[in-house]
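Participant: The structure's right below; bear with me while I get my questions together.
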Amino acid sequence: MRNITLDEIQPGMFLSKSLILDDGTVLLHEGIEMKERYIQYLRNQGITSLFVGEPKNQDLSQPKENFYDLKHRQEAAAAARKTLSQFRVGKGIQLDGVKDIVSNLINQLSQQPENMIHLLDIRRKKEYMFSHAVNTCILSVMTGLALGYDDKQLAELGLAAMLHDIGKIKFSKQLALQFPDYLSKDAREEYRRHTFYALEVLRENPTLSVNVVNACFQHHERWNGSGYPMGIKGDAICEYAQIISIADVYDRLIAGLPHRLPTPVYYAVAILNKASGEYFNPAIVDKFNQNVAIYPMGKTVRLNNQQSGVILGVGIKNKTTPIVRITSDQNGNPINQPVELDLMKNPELFILDFEDPYFNYAQAYADRAYTNPAQGQFVV
């Protein structure tokens, strides 16, 4: 099973995970063969990515997706929505529901880290803010686990990640409907004030720790000091904010926005690695990389010995050393009997590049690292 963007979907592929909306509506069932009219329908619905794979008639032993995962994904998005709506009508921040959801997500991810791929939501643009909060929480918690955080730290980190964009609820209706690429200079300055708005909102709740408040206030700060709102750098930035900033950018990359297509996972990782040490703490980027499938199944790659092959699978513990089916020799000639090669057991071999015509474009995209030359800032 692999998650690919809607633009990569081709008629004849099979849906490996049911497409279910937050309200429980099933748009397409698992196992259905994708057709052009389905793809167009999903595009009209604002869907940006899908899980696809091989038909499962030969693999009936594979467990079905646990409804528990779906239930928690729906509840988490609902909790984010409820928190924001309550504040908008003057009821203040009601955190009990959000804390319960964060606790449940931490329990799932601690016990079964492989559940992350099921918990990450397939995005619809009109639900963007709520889904983004949940996905940022999941990615941040997984990074916290990789860093060895204890229960208290994970709870604070997860809560901060869920609330990191809470300041945007103070935007005017017109500004809330826009995105940074569309904004005038004055509107962009107003947009950047959402971190100060978050500070105002969260200070109204005395039960929140300073760590949570600081993480929400600082999540747009950058390792080299080029971020906002204060332009602080390095370890002066709250560590929770350092984690959330990486999760925030990564999720916005893979989800896509109205003004930008979704970025495939391996290109999103390339962008983060390009920015490592400049915009992000390199040690945390390394930990983050442990939790994403850098090499998705089905992609053709070239090894350092010039052989080519197809990614067959990547384990939770060996994201950078997948199993590759070798399909051509050093000269590009097809191999009559493909060989399956586990790179974990063959450390002298490693992946050099993707054999994908889109990669040249994406690598150039990564090289830009979303830098605004006029301001020298990471602006994704």
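Participant: Want the number for Asn107 to Asp286: 0.36 nm per residue separation, take away the alpha-carbon distance, what's left? Intermediate values should be presented prior to the final figure.
Facilitator: Values: separation 179, 0.36 × 179 = 64.44 nm, distance 2.31 nm.
Result for the pair: 62.1 nm of gain on full extension.
Participant: So if each residue of separation counts as 0.36 nm, and I subtract the Cα-Cα distance between Glu33 and Asn305, what length gain in nm does that give? Working shown, then result.
Facilitator: On the way: separation 272, 0.36 × 272 = 97.92 nm, distance 3.67 nm.
So the chain would gain 94.2 nm between Glu33 and Asn305.
Participant: Can you give me the long-range amide H partners of Thr327? Hydrogens built in the peptide plane at 1.01 Å from N, cutoff under 5 Å, separation of 5 or more residues or another chain.
Facilitator: Here Ser308, Gly309, Val310 satisfy the definition.
Participant: Please give me the summed charge of the neighbours of Thr195: other residues whose Cβ is under 14 Å from its Cβ, Lys and Arg +1, Asp and Glu -1.
Facilitator: Residues close to Thr195 contribute a combined charge of +1.
Participant: Set the Förster radius R0 to 35 Å, insert the Cβ-Cβ distance between Asp100 and Lys233 as r into 1/(1 + (r/R0)^6), and round the FRET efficiency to 0.05.
Facilitator: Values: r = 36 Å, r/R0 = 1.01.
Calculated value: 0.50.
Participant: Determine the order of Asp329, Asp151, Asp248 by accessible area, beginning with the largest, at a probe radius of 1.4 Å. Intermediate values should be presented prior to the final figure.
Facilitator: Working: Asp329 40, Asp151 125, Asp248 0 Å².
Heavy-atom accessible area, descending, gives Asp151, Asp329, Asp248.
The values are calculated or read from the model by the stated rules, or taken from the named source; none is laboratory data. Everything quoted here is computed from the prediction, not taken from an experiment. FYI the Cβ positions are ideal-geometry reconstructions off the backbone, even for glycines, and counts take in every protein chain you see. With ligands, DNA and RNA removed, areas are computed over all heavy atoms of the protein, side chains included. Shrake-Rupley method; radii C 1.70, N 1.55, O 1.52, S 1.80 Å.
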